[in-house]
Amino acid sequence: MGIFSKLIGKKDNAANVRRREGNPDVYDIANENDRMNWAIEKAGLILHYFEACLRTPKPGQEYFSIKVKIMDNGKGEHLWLTDPDFDTDGNLFGIVANEPIDVTNVKIDQKIGIDRDLVSDWMIIENGRLVGGYTIRAIREGLTGEALAQFDQSVGGMYIDEGEDYFVPDFNTPEGAILALEEAYDRQDLEEAMACKDFKAEARLMFQKLKRGEMDDEIIDKTAEVLRLSFMKSIKENGFPCFEGIRRAFPQRQKISDNHFVIEEVCLFSDGGKTSQHLNTYKTEKGWKVLNPED
């Protein structure tokens, strides 16, 4: 199965193809590419889901593979491992599935052990559909026309949709905060939903967009209270939004500052429909919180 497209840092942001006789093509893409960096970061943040499925596969899950960064004399190469396994201490083992090009300390079909911190991607095939595979998606997103058709052919007919991102619904990540808010909506718990928000940060952001400059704390506090009451009123009058049964993916993060990210959330419905929204998130002393959507 030709599913082992590789990530190797190169000079420009375009995906360049290197042909290998008897092995899948290599797709080179720059390390500075924001899309690829987010793919690798996301794979690490959601590695817990891969591990759980590996221990207890869900119906239709028939293939597991994991990508790791191999270092050799200052050179790095990302390679897929088949038959992955974690021991009780969390150490990762697997069989090298690619013919290495830039490193010489491992070879194809060799079983190796490696630190889990060097994981750069993972994938599951579930009923013919790709789960995970974030670097694969990042490469594919940069292709069009004949290159895209060739890429899709190279992955053996595997179905690639927007996917679903299994962040833990908590305040440790912006995406987790969004999921925590949406779970509170599904439980129809207003107090819990309000704990996922930061109305002061929302007030500051509102004034920034209005280009009002620095506002004193009293005005911020009064505006935050108005936003809080408005949020409560909207829920009481319109009811709670429902996210039950909706798959959610987070294809992009936009960093505004260290404490402010704009997150793209794609909601995928069982009837094939989808919606997309961009949500402001803000990091507080209590973790990430959800602000108002982008206009």
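Structure notes:
- Every residue from region 126-159 that is over 14 Å from Gly60 (Cβ atoms) and within 20 Å of the chain's Cα centre (by Cα): Gly132, Gly133, Tyr134, Thr135, Ile136, Arg137, Ala138, Ile139, Arg140, Glu141, Gly142, Leu143
- When the residues of region 222-259 are filtered to those that are part of a strand (DSSP E or B) and without any contact (Cβ under 8 Å) to a residue 40 or more places away in the chain, the one that is nearest to Glu285 (Cα to Cα) is Ser257.
- Matching entry among Arg204, Arg247 (being under 30 Å from Phe269 (Cα atoms) and outside the structural domain of Thr135 (by TED's automatic domain parsing)): Arg247
- Among the residues making up region 154-179, those that are in a loop (DSSP other than H, G, I, E, B), touching a residue at least 24 places away in the same chain (Cβ under 8 Å) and buried (at least 16 other Cβ atoms within 10 Å of the Cβ) are Val155, Met158, Glu162, Gly163, Glu164, Asp165, Tyr166, Phe167, Phe171, Thr173.
- Here Glu237 qualifies as over 30 Å from Gly163 (Cα atoms) and modelled with pLDDT of 95 or more.
- Qualifying residue in region 210-221 (condition: closer than 20 Å to Ser257 by Cβ, part of a helix (DSSP H, G or I) and either at pLDDT 95 or above or not acidic (Asp, Glu) (or both)): yes
- Hits in region 260-280 - residues which are farther than 22 Å from Met36 by Cβ and in contact (Cβ under 8 Å) with a residue 60 or more places away in the chain: Leu268, Lys274, Leu279, Asn280
- Residue count, region 265-295 (criterion: among the acidic types (Asp, Glu) and more than 18 Å from Thr173 (Cβ to Cβ)): 3
- Tally, over region 93-125, of residues that are more than 21 Å from the chain's Cα centre (by Cα) and either modelled with pLDDT of 95 or more or more than 10 Å from Val68 (Cα to Cα) (or both): 21
- For region 260-289, taking the residues that are hydroxyl-bearing (Ser, Thr, Tyr) and assigned to a strand (DSSP E or B), the one that is surrounded by the most Cβ atoms within 10 Å (Cβ to Cβ) is identified as Thr281.
- Residue in region 20-47 that is farthest from Ile66 (Cα to Cα), counting only those that are modelled with pLDDT of 90 or more and not hydrophobic (A, V, I, L, M, F, W, C): Asn37
- Residue in region 270-283 that is touching a strand residue (DSSP E or B) at 6+ places or on another chain (Cβ under 8 Å), at pLDDT 95 or above and more than 19 Å from Glu183 (Cα to Cα) present: yes
- Subset of region 180-221 that is over 29 Å from Gly245 (Cβ atoms), buried (at least 16 other Cβ atoms within 10 Å of the Cβ) and of a type in the set (Gly, Ala, Ser) - its residue that is nearest to the chain's Cα centre (by Cα): Ala201
- Test result for Gly239, among the small types (Gly, Ala, Ser) and under 25 Å from Ile46 (Cα atoms): no
- The set of residues in region 130-146 that are surrounded by fewer than 17 Cβ atoms within 10 Å (Cβ to Cβ) and either in contact (Cβ under 8 Å) with a residue 60 or more places away in the chain or acidic (Asp, Glu) (or both) comprises Glu141, Glu146.
The values are calculated or read from the model by the stated rules, or taken from the named source; none is laboratory data. Everything numeric in this text was worked out from a predicted model, so none of it was measured. Methodologically, a virtual Cβ is constructed for each residue, glycine included, from the backbone with ideal geometry; neighbour enumeration extends over all protein chains shown.
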